[in-house]
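Worksheet: one structure, shown below.
Taken together, the values in this text are just the output of simple stated rules run on the coordinates, not laboratory data. Bear in mind that the values here come from a model prediction, so they are computed numbers and not experimental data. Because the Cβ atoms are built from the backbone with ideal geometry, glycine has one as well, and the counts that use them run over all protein chains shown.
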Amino acid sequence: MANGSLDNTFGVGGVVSIGSGSGNSIAIQSDGNILAAGHVNSFVSVARFDSNGVLDTTFGSGGRVITDGTTSGDPVIAVQGDGKILLAVDNGLMRYLTTGSLDTAFGSGGIVTTALSGHAFVKSVAIQADNKIMVGG
């Protein structure tokens, strides 16, 4: 709420939870749906909730998408102007359609990998006005 208290109409008592793993990045879609990204072991996960905190079962499989990201860092999520979902991880990018399926027109099967040396961890992702993707870390 505006005063800092939990909104009891959101989720259960103002809180939503989808189980184990770490969630560290959120994005709001133009329709008000909420995307939450995180990881469990080497897998990355994206869950979509409606504006009331209810898991959107039309997204992915039961409201979640889990992809083998072979990553140790936390993913960072962003939404492109056309609604496609970007997930930046320490070894590249994944792009999903609004349905939660990987966008096979992007990279190789929806995934672009990079060969970074040392310990590279993604901290931010942004989409420029010309739709170019910038990743920082």
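With contacts taken as Cα pairs under 8 Å at a separation of at least 6 residues, the chain carries a relative contact order of 16 percent. Among K123, K132, the ranking by other beta carbons within 10 Å of each residue's beta carbon, starting with the fewest, stands as K132, K123.
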